[in-house]
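Peer 1: There's a structure below that I have some questions on.
The values are calculated or read from the model by the stated rules, or taken from the named source; none is laboratory data. Quick caveat, the model's predicted, so the values are computed rather than measured. FYI the Cβ positions are ideal-geometry reconstructions off the backbone, even for glycines, and counts take in every protein chain you see. Calculation scope for accessible area: heavy atoms of the full protein, side chains included, ligands and nucleic acids excluded. Shrake-Rupley method; radii C 1.70, N 1.55, O 1.52, S 1.80 Å.
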Amino acid sequence: MANFEKTLGWLDWYAGPSKPEFRLPPGAVDAHCHVFGPGDEFPFAPERKYTPCDASKAQLFALRDHLGFSRSVIVQATCHGADNRAMADACRNSGGRARGIATVKRNVTDAELSLLHDAGVRGVRFNFIKRLVDFTPKDELLEIAGRIASLGWHVVIYFEAQDLPELWDFFTALPTTVVVDHMGRPDVTKPLDGPEFTLFLDFMSKHDNVWTKVSCPERLSVSGPPALNGERNAYRDVVPFARRVVETFPDRVLWGTDWPHPNLKSHMPDDGLLVDFIPHVALTPELQQKLLVTNPMRLYWPEES
Ligand code: 0GY
């Protein structure tokens, strides 16, 4: 049995999340979350850059129900490398209520892709965050994108805001829908109308195959969560960025918890508070319905939408 020791300073997910005050619309989708192991059933990958605590499918589904979500999109975490067994197992055991995003290498076979599709996988993730993954050549990624396009899958991309100029040509050459994690990680201490975030908004407005998750305020925030005084207005410095994206591209936005919140250093969020962030960025019931139901259903369960 594998016995993994967590990365020094690792913060475990918060086991007592509050009930959100915001009532999610019926059928809401948590479009970005992960499972970790459990390590003794699904070992972490040798090439991983961190070793997390366990975060099982049962724990994920319990959080989904507690917060009021109906469905989940489980994104392969980098600590599992290209071994998609934990994510695929969670999707297969969700009763059709989870879809998956995989990590694959050039040597993945058509039969393996087909099995992943049957499990519920609908996309692959290309990760450009250097602290998380080793470099994969762009020709390999383009080859993978071409193969998964024929399955009707899409590509999820994860990068830092300062790397968008260099990656622009590669991203715009992708033949599928492209979903950007966490608004391309803006530096929220910079102006909303400054060149960096304007470039990201341009990227979306010039390419209507590009979607984004307005997720991870807890990761992007500098002001942080509220003091423990009963206030529920956490991560206010991220609000203007997410709100701008939701209001400009209402049909191409998604939202996710990012549970179990890998690699956070300062604090572990209360997932109930994260849900209460949503009505600050999607102000009307119409925008909330698109963000939480219509858009993710169109992308992940088109046959039901
Ligand atoms: C996220 C963010 C992070 C980690 C991963 O797969 C991962 O390991 O995605 C991060 O450390 O920024 O989206 O969960």
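Peer 1: Could you check what % of the DSSP bridge pairs in the range 29-300 are antiparallel, to the nearest 5? Numbers along the way, then the final one.
Peer 2: Values: 1 of 24 bridges.
That works out to approximately 5 percent antiparallel.
Peer 1: Dipole size in debye (nearest 20) for the chain around its Cα centre, Lys and Arg Cβ +1, Asp and Glu Cβ -1? Could the numbers behind the result be given before it?
Peer 2: Details: 33 positive and 40 negative charges, 54 e Å.
Here the chain has a charge dipole of around 260 debye.
Peer 1: Go through the range 35-50 residue by residue and turn each phi into a ³J(HN,Hα) via Karplus (6.51, -1.76, 1.60, θ = phi - 60°); whole Hz please, and just put x for glycine and proline.
Peer 2: Rounded to whole hertz, the list is 10, 10, x, x, x, 7, 9, 10, x, 6, 6, x, 8, 5, 9, 8.
Peer 1: Based on alpha-carbon centroids, what's the gap between the range 237-257 and the range 34-78 in Å, whole number please?
Peer 2: Between the Cα centre of the range 237-257 and that of the range 34-78, the gap is 25 Å.
Peer 1: Mind listing the long-range amide H neighbours of Val210? Cut-off is under 5 Å, sequence gap 5 or more, other chains count too, H placed in the peptide plane at 1.01 Å from N.
Peer 2: Those lying under 5 Å, H to H, from Val210 are Val178.
Peer 1: Find how many whole Å separate the alpha carbon centroid of the range 177-201 from the alpha carbon centroid of the range 121-169.
Peer 2: So the separation of the two Cα centres works out to 17 Å.
Peer 1: Just the Cα atoms of the chain, one point each, no solvent: what log10 I(q)/I(0) does Debye give at q = 0.08, 0.11, 0.14, 0.15 Å⁻¹?
Peer 2: -0.31, -0.62, -1.07, -1.26
Peer 1: Take each of the peptides 46-57, 102-113, 247-258, 73-84, average the number of other beta-carbon atoms within 10 Å over its residues, and list them starting from the highest. Don't jump to the answer; show the numbers that get you there.
Peer 2: Numbers: 46-57: 17.7, 102-113: 14.9, 247-258: 20.7, 73-84: 23.4.
Taking the mean over residues of other Cβ atoms within 10 Å, the ranking is 73-84, 247-258, 46-57, 102-113.
Peer 1: Another question about this same structure. Taking the alpha-carbon distance from Lys206 and a cut-off under 26 Å, which lysines remain once sequence neighbours fewer than 8 residues away in the same chain are dropped?
Peer 2: Lys138, Lys190, Lys290
Peer 1: Which entries of Lys49/Lys213; Lys19/Lys265; Lys6/Lys265; Lys57/Lys105; Lys6/Lys49; Lys49/Lys265 have Cα-Cα distances beyond 19 Å here?
Peer 2: Values: Lys49/Lys213 24 Å; Lys19/Lys265 24 Å; Lys6/Lys265 14 Å; Lys57/Lys105 24 Å; Lys6/Lys49 11 Å; Lys49/Lys265 15 Å.
Lys49/Lys213; Lys19/Lys265; Lys57/Lys105, as the Cα separations exceed 19 Å there.
Peer 1: Can you give the accessible area per residue of the chain, in Å², using a 1.4 Å probe?
Peer 2: Values: 12780 Å² over 305 residues.
On a per-residue basis, 42 Å².
Peer 1: Using θ = phi - 60° and the Karplus relation 6.51 cos²θ - 1.76 cosθ + 1.60, list the HN-Hα couplings for the range 179-186 in order, rounded to whole Hz, with x at every Gly or Pro.
Peer 2: With the stated coefficients, the range 179-186 comes to 10, 8, 6, 6, 6, x, 6, x Hz.
Peer 1: What full-extension length gain, to one decimal in nm, is calculated for Asp134 and Ala149 as 0.36 nm per residue of separation minus the Cα-Cα distance?
Peer 2: Numbers: separation 15, 0.36 × 15 = 5.40 nm, distance 2.38 nm.
Going from the current span to full extension adds 3.0 nm.
Peer 1: Could you tell me the relative contact order of the range 228-297? Use alpha-carbon pairs under 8 Å, at least six residues apart, and round to a whole percent. Let's see the in-between values first.
Peer 2: Values: 52 pairs, mean separation 33.6, N = 70.
So the answer I get is 48 percent.
Peer 1: Here's a follow-up. Enumerate the residues in the range 127-146 having an amide nitrogen under 18 Å from the point lying 7 Å beyond the Cα of Asp110 toward its Cβ.
Peer 2: Within reach of a label on Asp110: 143-146.
Peer 1: Take the alpha carbon atoms of the range 192-249, find their radius of gyration, then divide it by 2.2 N^0.38 Å using N residues; give the quotient.
Peer 2: Rg over 2.2 N^0.38 Å, computed on Cα atoms: 1.30.
Peer 1: What does the net charge come to around Pro240 if you take all other residues with beta carbon closer than 15 Å to its beta carbon, with K and R at +1 and D and E at -1? Display every interim value, and only then the final one.
Peer 2: Numbers: positive: Lys190, Arg236, Arg243, Arg244; negative: Asp187, Asp193, Glu196, Asp237, Glu247.
Charge balance in the 15 Å sphere: -1.
Peer 1: Separate question: Residues of the range 233-256 with amide nitrogen under 12 Å from the 7 Å Cα-to-Cβ point of Asp202?
Peer 2: Label zone hits: none.
Peer 1: Continuing with this model, one more query. Net charge around His261, counting only other residues with Cβ within less than 10 Å of its Cβ (Lys, Arg = +1; Asp, Glu = -1)?
Peer 2: Values: positive: Arg219; negative: Asp12, Glu218, Asp258, Asp271.
Local charge sum for His261: -3.
Peer 1: In the range 109-249, with Lys and Arg counted as +1 and Asp and Glu as -1 at Cβ, which of these residues, Met204, Val222, Trp168, has the Cα nearest the positive end of the dipole, that is, farthest along it?
Peer 2: Farthest along the dipole direction, towards plus: Val222.
Peer 1: Starting from the exponent 0.38 and prefactor 2.2 Å, build the expected Rg for the range 154-221 from its residue count and divide its actual Cα Rg by it.
Peer 2: Details: Rg = 11.4 Å, N = 68, 2.2 N^0.38 = 10.9 Å.
Relative to the rule-of-thumb radius for its length, the range 154-221 sits at 1.04.
Peer 1: Turning to a different aspect of this structure: So what is the relative contact order of the range 159-233, in percent, for Cα pairs below 8 Å that sit 6 or more residues apart? Show your work: numbers first, answer last.
Peer 2: On the way: 68 pairs, mean separation 26.1, N = 75.
RCO, the range 159-233: 35 percent.
Peer 1: Now a separate question. If packing is taken as the mean number of other Cβ atoms within 10 Å per residue, what is the order of 35-41, 25-31, 186-192, highest first? List each step's numbers first, then the result.
Peer 2: Numbers: 35-41: 19.7, 25-31: 21.9, 186-192: 15.1.
The most tightly packed comes first, giving 25-31, 35-41, 186-192.
Peer 1: Hey, another quick one. Calculate, for Glu247 and Asn209, the FRET efficiency according to 1/(1 + (r/R0)^6) with r their C-beta to C-beta distance and R0 22 Å; round to the nearest 0.05. Please list the in-between numbers first.
Peer 2: Working: r = 20 Å, r/R0 = 0.91.
So, using R0 = 22 Å, E works out to roughly 0.65.
Peer 1: Leaving ligands and nucleic acids out of the surface, order Asp89, Asp202 by accessible area at 1.4 Å, largest first. Could you put the intermediate results ahead of the total?
Peer 2: Values: Asp89 25, Asp202 55 Å².
So the residues, ranked largest to smallest area, are Asp202, Asp89.
Peer 1: D for the range 66-213, whole µm²/s, Stokes-Einstein with Kirkwood Rh over alpha-carbon pairs at 25 °C and 0.890 mPa s: what number? The partial results should precede the final answer.
Peer 2: Details: Rh = 16.2 Å.
Translational diffusion coefficient: 152 µm²/s.
Peer 1: Something else now. Restricting to Cα pairs below 8 Å that are 6+ residues apart, what does the relative contact order work out to for the chain? Please round to a whole percent. Intermediate results must be reported in sequence, preceding the final value.
Peer 2: Values: 556 pairs, mean separation 64.7, N = 305.
Relative contact order, the chain: 21 percent.
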